[in-house]
There are 2 protein chains.
Amino acid sequence: MGKLTATSPIYDRELVDVGKVGYCSRQKRVRFALSYILAIVDKTMTQNVYDRSDFFEGYSKLSRSTEGLDGAAEWPSMRALLPNLHDLNIVDLGCGFGWFCRWAVEQGVASALGIDVSENMLARARNATSNPRIDYVQQDLERLDLPLASFDLAYSSLALHYVANLAGLLFTLRRSLRPGGYLVMSIEHPIYMAPTRADWLFDERGRRTWPVDSYLVEGPRTTDWLVQGVIKQHRTIGTTLNHLIRCGFVVAHVEEWGPTDEQIATHPDWEEARDRPMFLLIAAQR
Amino acid sequence: MGKLTATSPIYDRELVDVGKVGYCSRQKRVRFALSYILAIVDKTMTQNVYDRSDFFEGYSKLSRSTEGLDGAAEWPSMRALLPNLHDLNIVDLGCGFGWFCRWAVEQGVASALGIDVSENMLARARNATSNPRIDYVQQDLERLDLPLASFDLAYSSLALHYVANLAGLLFTLRRSLRPGGYLVMSIEHPIYMAPTRADWLFDERGRRTWPVDSYLVEGPRTTDWLVQGVIKQHRTIGTTLNHLIRCGFVVAHVEEWGPTDEQIATHPDWEEARDRPMFLLIAAQR
């Protein structure tokens, strides 16, 4: 067979080095670069609800805040997506209290950079370690700035669904990874995030259902979580994956997280995730 | 940076030719090959509801049956995922009345093989053309058999959600594609398929919601569509994508289909898909 050419914009006219950069032609990459650079210089500022004292107080009491990684239901599944961390340079986007960076250092990473917009969170993170391999830095993910080809793993737990300019962030992120570098991320699942009224319905027999509407209507969702008016960015799974692919990531694994039988035995309330997933986990590679 | 090694089963110990075979090591590929071969020789037989006269009569009246490709709401989006078809050898899995093969010949394909389990559908397909480039053949997709490295494009419209042994089918399919070959497929969206009672709920103000439950409980779903007791196979988006990735496909595009404003103007009833998508479109490449 001769060289395949494509008419569709998803393949573009000229496939360049498919294995390394996905389905982007040079022309397309330049186009994306321009649009993402424009997006990056956009003045979008994150809500930074984590620096509100009432939110911070509530967040500090969650099991994932007091117990760290082991307090997060989806952590075993996230951990299973990680490469061998030995000697890697890693970055954690939305590091919060910094648990992942400290765990990564225990696993032998060469360096761990934790980034968060919230000074509240960063202060707590810095207080928890004096390890010179860890650095906690304040940055707004809407305008992420990272050195080129410097990291082997980018990690992000439940942060990127706050980011409006996901395309810009992923473009920056891919360039900051070395060839072959990994991205392991979790966000809130769009089924969880989509509804106008995101709460269980119960029918006359007590059967629980999750009332999905507006699933394909992407954009901000305002929710009351710990405090009123927390703004999240709803995107379909397809949109998130297509952003990754267009930025040159190869999708390695997509997991709509649910609890194991063992987890349900110790946390019966987690079973509701089987009816409606709450987390979406993605692994990709540059 | 040295060669990255991974501890996770999704990357496996030794990355082999990532660009071409995804994230599979040789060891992993052998393991998958064995499991898929076992799955292929399994005696699972498809329901073949299309050969029931009552179902066939109902199906024959759908707009996608009488008008062909243009009668299907998602066709413009599927078409946008196709490569340039000139001189390609293509296969259509679940070809039904054979519309796609006939359209593909008009676009200049070298050959079009349509496969369906239903003799009813195939008889109608064969009656509609005498073009020697088209062949319509009866096969059960649960036990698909295709020649090696023979096709440039595999196409499948709303058929693979009937297939229980998707892993076996994709394994066969990938081997039947030439390097660089394309897969463009649609299935029913898992949000549409998941619920125990798959029907809209209306609240006191007439607001429509789709009652999702059992989303993470994968397996057969029995539904009444045209006739009672049609069996479909529910899988999450993640599961379908991971099957593709493990079989060595590179995911190129994932689309949770919704109507355009123009489509809603002419088909107002299609707007409900914005609340709850009905179709999932995927493009991938060997």
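The values are calculated or read from the model by the stated rules, or taken from the named source; none is laboratory data. Just so you know, these numbers come straight off a predicted model, no measurement behind them. Note that each Cβ is placed from the backbone with ideal geometry, even for glycine, and that neighbours are counted across all protein chains shown.
A few remarks follow.
- Remark: B:Gly219 matches the filter, which requires a residue to be touching a residue at least 12 places away in the same chain (Cβ under 8 Å), among the small types (Gly, Ala, Ser) and over 15 Å from B:Phe279 (Cβ atoms).
- Tally, over segment B:274-286, of residues that are touching a residue at least 40 places away in the same chain (Cβ under 8 Å) and not in a strand (DSSP E or B): 5
- Filtered by the rule that a residue be modelled with pLDDT under 95 and assigned to a loop (DSSP other than H, G, I, E, B), segment B:210-228 gives a lone residue, B:Leu226.
- Residues being of a type in the set (Asp, Glu), surrounded by fewer than 22 Cβ atoms within 10 Å (Cβ to Cβ) and closer than 24 Å to B:Val230 by Cβ are represented in segment B:115-128 by at least one member.
- The set of residues from segment A:165-207 being hydrophobic (A, V, I, L, M, F, W, C), more than 12 Å from the chain's Cα centre (by Cα) and not in a helix (DSSP H, G or I) comprises A:Leu177, A:Ala194, A:Ala198, A:Trp200, A:Leu201, A:Phe202.
- Qualifying positions in segment B:248-273 - more than 30 Å from A:Val250 (Cβ to Cβ) and part of a helix (DSSP H, G or I): B:Asp261, B:Glu262, B:Gln263, B:Ile264, B:Ala265, B:Thr266, B:Pro268, B:Asp269, B:Trp270, B:Glu271, B:Glu272
- Residue within segment A:159-166 that is small (Gly, Ala, Ser), under 21 Å from A:Asn48 (Cα atoms) and assigned by TED's automatic domain parsing to the domain that holds A:Cys101 present: yes
- Highlighted here are the helices (runs of 4 or more DSSP H) found entirely within segment B:47-113 that include at least 3 residues which are at pLDDT 95 or above: B:75-80, B:99-106.
- Options B:Gly238, B:Gly229, B:Gly258; residue that is closer than 20 Å to B:Glu74 by Cα and small (Gly, Ala, Ser): B:Gly258
- Selection status of A:Leu69, farther than 21 Å from A:Lys232 by Cβ, within 12 Å of another protein chain (Cβ to nearest Cβ) and either surrounded by fewer than 18 Cβ atoms within 10 Å (Cβ to Cβ) or aliphatic (A, V, I, L, M) (or both): no
- As for segment A:186-209, it holds at least one residue that is under 27 Å from B:Ala194 (Cα atoms), at pLDDT 95 or above and away from chain B (no Cβ under 14 Å).
- Residues of segment B:171-188 that are touching a Pro at 6+ places or on another chain (Cβ under 7 Å) and buried (at least 22 other Cβ atoms within 10 Å of the Cβ): B:Tyr182 alone.
- Flag if A:Ile231 is outside any loop (DSSP other than H, G, I, E, B), in the same structural domain as A:Asp87 (by TED's automatic domain parsing) and either modelled with pLDDT under 95 or aromatic (Phe, Trp, Tyr) (or both): yes
Table: residues versus (1) surrounded by fewer than 17 Cβ atoms within 10 Å (Cβ to Cβ); (2) more than 7 Å from chain A (Cβ to nearest Cβ).
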| position | (1), (2) |
| --- | --- |
| B:Val227 | yes, yes |
| B:Gln233 | no, yes |
| B:Thr239 | no, yes |
| B:Phe249 | no, yes |
| B:Glu255 | no, no |
| B:Gly258 | no, no |
| B:His267 | yes, yes |
| B:Asp275 | no, no |
| B:Arg286 | no, yes |
